[in-house]
Structure formats: C-alpha cells, structure tokens
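Enquirer: Take a look at the following structure, please.
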Amino acid sequence: MNAQAPIKLIDGKAAAARVLAEVAEEVREMKAGGVAPALAVVLVGHDPASQVYVRNKVLRAEECGIRSLEHKLPASTAEADLLALIRGLNADSGVNGILVQLPLPAHIDETRVLQAIDPLKDVDGFHAENVGGLSQGREVLTPCTPAGCLRLLQDTCGDLSGQHAVVIGRSNIVGKPMAALLLKAHCSVTVVHSKSANLRELCRQADIVIAAVGRPRLVDADWLKPGAVVIDVGINRIEEDGRAKLVGDVDFDSALTRAAAITPVPGGVGPMTIAFLMKNTLAAARLQHPAPSTPAQFPEAPCPSIS
Ligand code: NAD
C-alpha cells in the first residue's frame with residue numbers, strides 16, 4: 001500500500017457485523033428450506049477465559065438464528081466420556097457443527113478429541129482431514145481466526161497476489177493455517193517463530209504482517225516496512241498503571257507511525273473469529289444438507305489450482 005496514504009484502522013467489529021448479517025440472511029433461507037442449523041459447544045472445566053469465549057459464541061449463534069446446544073462438563077470429566085459425547089453429537093442429525101473449547105484439562109488428549117469430531121461437523125477446522133485439505137488447497141472447513149484475518153486483508157487490500165506476507169507464530173490454530181490461506185491467496189509467505197533468526201529483519205521485508213505470538217507489544221514500528229498492513233491476532237492480558245488491560249502482539253501506537261493499515265486489540269481479529277465460526281456452522285449445515293441444484297458453499301472461495 002502507498003506509504004503516503006492516511007493510516008487506516010481496520011475495524012473488525014464492523015467487518016464481523018457484515019459477515020454475521022450475511023450468515024443470518026442465509027440461515028433464514030435455510031430454515032425456509034426446512035433445515036435449522038445447530039451448533040454444539042462443549043466446554044470442559046471452568047477456565048474463566050473459556051467461559052467468556054463460549055458465552056460470546058452462543059450469543060452470536062442465537063443472533064444469527066443458529067440454535068446452540070451447550071454441553072458444560074466438569075474439569076474431572078474422563079476422556080472416554082468426552083469421546084462418547086462427541087460420538088453422540090456426530091451421530092445426531094440435528095447437530096451440524098461441533099466445537100470443543102480449548103484448552104482441555106491436562107488429563108485429556110486434545111488431538112484424540114479433535115480427531116474424534118466428524119470432519120463435516122468440524123467447525124473449528126482442526127481435524128487432520130481438514131488441515132490436510134487446506135494445505136492441498138481443497139475446499140474444507142477452515143480455522144476461524146485465520147479465515148477472519150484473510151477476510152480483513154482482502155477487504156483492506158483487495159487482491160493479495162504477489163504480496164509478501166510474514167506470519168509470526170506457527171501454531172496449529174493460527175500461524176500454520178494462516179500461512180496456508182495466504183498461499184492459497186497467492187501471497188509469498190514467510191513463517192517466523194520463537195527459534196527464527198533475524199525476526200525483525202524478515203518482518204521489515206513484509207507487505208503484510210500477521211502477529212500471532214502471545215507476547216504483549218512485541219512488534220513495534222522498527223519491525224515494519226513503511227506502508228505495511230498489520231493484522232494483530234494477539235490477545236494479552238496485562239497490568240498497566242494499576243489497571244488490567246487487553247493488548248495485542250503489536251505496539252499499536254508505535255506501529256501506527258509506519259503501517260498503512262492496522263487492526264486494533266480489542267475490536268480487530270477477535271470479532272471476526274466468532275463471525276467465521278458462524279459462517280463455518282452454516283457451511284457445515286450445507287455440507288450435510290446440500291441443495292439438489294447448488295453445490296456446498298465454503299466460507300473461503302476455493303483456489304482452483306496452486307502451482
Ligand atoms: P501459541 O502459543 O500456540 O503459539 C505462539 C507462536 O508464537 C508459537 O509458534 C511460537 O513459536 C511463536 N513465538 C513465541 N514467542 C515468540 C517470539 N518471541 N518471537 C517469535 N515467535 C514467537 O499461540 P496461538 O494459539 O497461536 O495464539 C497466539 C496469540 O493469538 C495469543 O495471544 C492468543 O491469545 C491469540 N489468539 C487470538 C485469537 C482471536 O480470536 N483474536 C484466536 C486465537 C489466538
């Protein structure tokens with residue numbers, strides 16, 4: 001983007017409201033056709049942050065007309081019981097999407113649980129079938145946070161072809177699927193992480209920076225090329241001036257002096273994550289009830305060929 005252009009605040013709340021309005025409209029059409037999309041949300045234990053996330057997801061689902069089915073289990077739940085619940089939800093034709101809120105208590109094997117979810121109901125996109133499909137450029141249910149980030153980038157920059165994107169972080173939830181989606185959108189992608197050398201120098205070469213690290217204000221103006229577009233995924237709770245605060249992985253005030261566009265924290269990526277969960281629930285419902293004349297729709301357009 002042009003370094004001289006005024007800095008643009010990327011408004012995730014407004015973008016998410018647009019996505020949710022689209023979803024609500026499509027849910028209405030689906031219901032008129034006899035299918036009422038439903039999302040099962042499973043929470044194990046009493047982690048306060050997870051409780052807030054689950055409450056927000058349930059609220060957004062209801063606003064879109066998606067039925068939500070909450071399963072709150074004690075922290076002592078045995079893995080076998082959780083797996084049995086998931087098998088039941090897989091078999092229940094009235095459930096279209098299944099979300100297991102992470103993290104799970106330490107005695108439960110997260111991978112085994114995620115792999116137990118029917119890939120067609122895997123609205124988080126964490127099942128290996130969907131992860132593999134994404135890296136092959138196939139149409140699959142895609143992790144919500146990176147899908148939301150991609151939409152913010154496309155809304156801000158338009159066509160991303162040929163842009164150099166640096167993704168900071170290589171988690172299965174954000175960093176890796178983000179890199180796969182950016183490749184699909186024809187970016188040149190560099191992924192950096194805690195063991196990378198010359199992090200700052202690599203970042204300074206980027207047209208697009210995605211920070212998904214979990215380190216408060218790690219990225220400042222010195223890491224950015226003038227005119228870079230910055231997506232801050234980080235959510236860090238800190239104490240500052242005697243007050244609890246939420247900050248991102250980017251030092252917002254400093255980055256503003258270099259970036260062409262930037263997401264705030266809060267109000268950037270967070271609302272898009274929930275909006276794309278609703279979009280995925282709708283996509284999952286369509287996969288299970290394809291209309292005879294229309295193919296199933298995925299939240300992200302497929303990439304016909306990646307070479
Ligand atoms: P994670 O801990 O699983 O992964 C963090 C990644 O950052 C790792 O790959 C690690 O190698 C890398 N890293 C750590 N320290 C680094 C450093 N100093 N320099 C470079 N790389 C470093 O975290 P995650 O699940 O990917 O989440 C990342 C952040 O995004 C967290 O703050 C999390 O709360 C937030 N998050 C936000 C949303 C949202 O909806 N906004 C969704 C998911 C995660």
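The values are calculated or read from the model by the stated rules, or taken from the named source; none is laboratory data. Please read all numbers here as calculations on a predicted model, not as lab measurements. No Cβ is skipped: glycine too gets one built from the backbone with ideal geometry, and neighbour counts run over all protein chains shown. What goes into the accessible areas is simple: the full protein's heavy atoms, side chains included, and nothing from ligands, DNA or RNA. Shrake-Rupley method; radii C 1.70, N 1.55, O 1.52, S 1.80 Å.
Enquirer: Restricting attention to the range 180-196, and to residues there that are more than 9 Å from the ligand (Cβ to nearest atom) and open to solvent by 70 Å² or more (accessible area, probe 1.4 Å), which single residue is nearest to Gln163 (Cα to Cα)? Write out each step before concluding.
Expert: So the first thing to find is which residues in the range 180-196 are more than 9 Å from the ligand (Cβ to nearest atom), and the list is 180-190.
Cutting the leftovers down to open to solvent by 70 Å² or more (accessible area, probe 1.4 Å) gives us 183, 186.
Working: Leu183: 10, His186: 8 Å.
Result: His186.
Enquirer: Among the numbered criteria (1) open to solvent by 10 Å² or more (accessible area, probe 1.4 Å); (2) more than 26 Å from Ala49 (Cβ to Cβ); (3) touching a residue at least 60 places away in the same chain (Cβ under 8 Å), which single criterion is violated by Ala283?
Expert: If we test Ala283 against (1) open to solvent by 10 Å² or more (accessible area, probe 1.4 Å); (2) more than 26 Å from Ala49 (Cβ to Cβ); (3) touching a residue at least 60 places away in the same chain (Cβ under 8 Å), just (1) comes out false.
Enquirer: Still on this structure, please answer the following. Looking at Ile231, is it touching a Lys or Arg at 6+ places or on another chain (Cβ under 8 Å) and either under 20 Å from Leu150 (Cβ atoms) or part of a strand (DSSP E or B) (or both)? Explain how you work it out, then say what you get.
Expert: On the way: touching a Lys or Arg at 6+ places or on another chain (Cβ under 8 Å): no; either under 20 Å from Leu150 (Cβ atoms) or part of a strand (DSSP E or B) (or both): yes.
The answer is no for Ile231.
Enquirer: Answer yes or no: is there a residue in the range 50-63 that is more than 13 Å from Leu277 (Cα to Cα), part of a loop (DSSP other than H, G, I, E, B) and touching a strand residue (DSSP E or B) at 6+ places or on another chain (Cβ under 7 Å).
Expert: No, there is no match, as no residue in the range 50-63 is more than 13 Å from Leu277 (Cα to Cα), part of a loop (DSSP other than H, G, I, E, B) and touching a strand residue (DSSP E or B) at 6+ places or on another chain (Cβ under 7 Å).
Enquirer: Same structure, new question: Could you identify the single residue in Asp220, Asp249, Asp207 that is open to solvent by less than 10 Å² (accessible area, probe 1.4 Å) and either among the acidic types (Asp, Glu) or more than 14 Å from the ligand (Cβ to nearest atom) (or both)?
Expert: On the way: Asp220 fails: open to solvent by less than 10 Å² (accessible area, probe 1.4 Å); Asp207 fails: open to solvent by less than 10 Å² (accessible area, probe 1.4 Å).
After ruling out the rest, the residue left standing is Asp249.
Enquirer: For the range 180-187, check the following and say yes or no: at least one residue is touching a strand residue (DSSP E or B) at 6+ places or on another chain (Cβ under 7 Å) and assigned to a strand (DSSP E or B).
Expert: Initial filter on the range 180-187 (touching a strand residue (DSSP E or B) at 6+ places or on another chain (Cβ under 7 Å)): 182-183, 187.
Still in the running and assigned to a strand (DSSP E or B): none.
No - not one qualifying residue is present in the range 180-187.
Enquirer: (1) within 14 Å of the ligand (Cβ to nearest atom); (2) open to solvent by less than 50 Å² (accessible area, probe 1.4 Å); (3) out of contact with any strand residue (DSSP E or B) (no Cβ under 8 Å at 6 or more places or on another chain): which one isn't true of Glu201, the others all being true?
Expert: Here Glu201 meets the rest and fails (2).
Enquirer: If you don't mind, there's one more thing I want to ask. For the range 236-291, give me each residue that is in a loop (DSSP other than H, G, I, E, B) and under 22 Å from Ala17 (Cα atoms). Before you say what the answer is, go through the steps one by one.
Expert: Narrowing the range 236-291 to residues in a loop (DSSP other than H, G, I, E, B): 241-242, 248-249, 251, 256-260, 263-268, 289-291.
Gly248, Thr263, Pro264, Val265, Pro266, Gly267, Gly268, listed by residue number.
Enquirer: I want to confirm something. Restricting to the range 154-179 and keeping residues that are of a type in the set (A, V, I, L, M, F, W, C) and surrounded by fewer than 24 Cβ atoms within 10 Å (Cβ to Cβ), which single residue is nearest to Phe276 (Cα to Cα)?
Expert: Our first condition is that a residue be of a type in the set (A, V, I, L, M, F, W, C); within the range 154-179, this holds for 157, 160, 165-168, 173-174, 178-179.
Next, only the ones that are surrounded by fewer than 24 Cβ atoms within 10 Å (Cβ to Cβ) stay: 157, 160, 173, 179.
Numbers: Cys157: 19, Leu160: 20, Ile173: 14, Ala179: 17 Å.
Per the criteria, the residue is Ile173.
Enquirer: Just a yes or no: is a residue in the range 139-148 over 21 Å from Val54 (Cα atoms) and more than 14 Å from the ligand (Cβ to nearest atom)?
Expert: Filtering the range 139-148 for residues over 21 Å from Val54 (Cα atoms) gives 139-140.
From the residues that got through so far, the ones that are more than 14 Å from the ligand (Cβ to nearest atom) too are 139-140.
Looking through the range 139-148, at least one residue is over 21 Å from Val54 (Cα atoms) and more than 14 Å from the ligand (Cβ to nearest atom).
Enquirer: Here's something else I'd like to know. Which residue pairs have Cβ atoms closer than 8 Å, lie 6 or more positions apart in sequence or on different chains, and pair a first residue in the range 106-128 that is open to solvent by 40 Å² or more (accessible area, probe 1.4 Å) with a second residue that is in a strand (DSSP E or B)?
Expert: Listed by first residue and then by second, the contacts come to Asp118/Ile98.
Enquirer: State the number of residues belonging to the range 158-179 that are part of a helix (DSSP H, G or I) and either in contact (Cβ under 8 Å) with a residue 24 or more places away in the chain or near the ligand (Cβ under 10 Å from one of its atoms) (or both).
Expert: Taking the range 158-179 and keeping what is part of a helix (DSSP H, G or I), we get 175-179.
Now restrict to residues that are either in contact (Cβ under 8 Å) with a residue 24 or more places away in the chain or near the ligand (Cβ under 10 Å from one of its atoms) (or both): 175-178.
Selection size over the range 158-179: 4.
Enquirer: Quick one: Ala301 ticks every box in (1) at pLDDT below 70; (2) closer than 18 Å to Ser50 by Cα; (3) aliphatic (A, V, I, L, M) bar one, so which box is it?
Expert: In the conditions (1) at pLDDT below 70; (2) closer than 18 Å to Ser50 by Cα; (3) aliphatic (A, V, I, L, M), Ala301 misses (2) alone.
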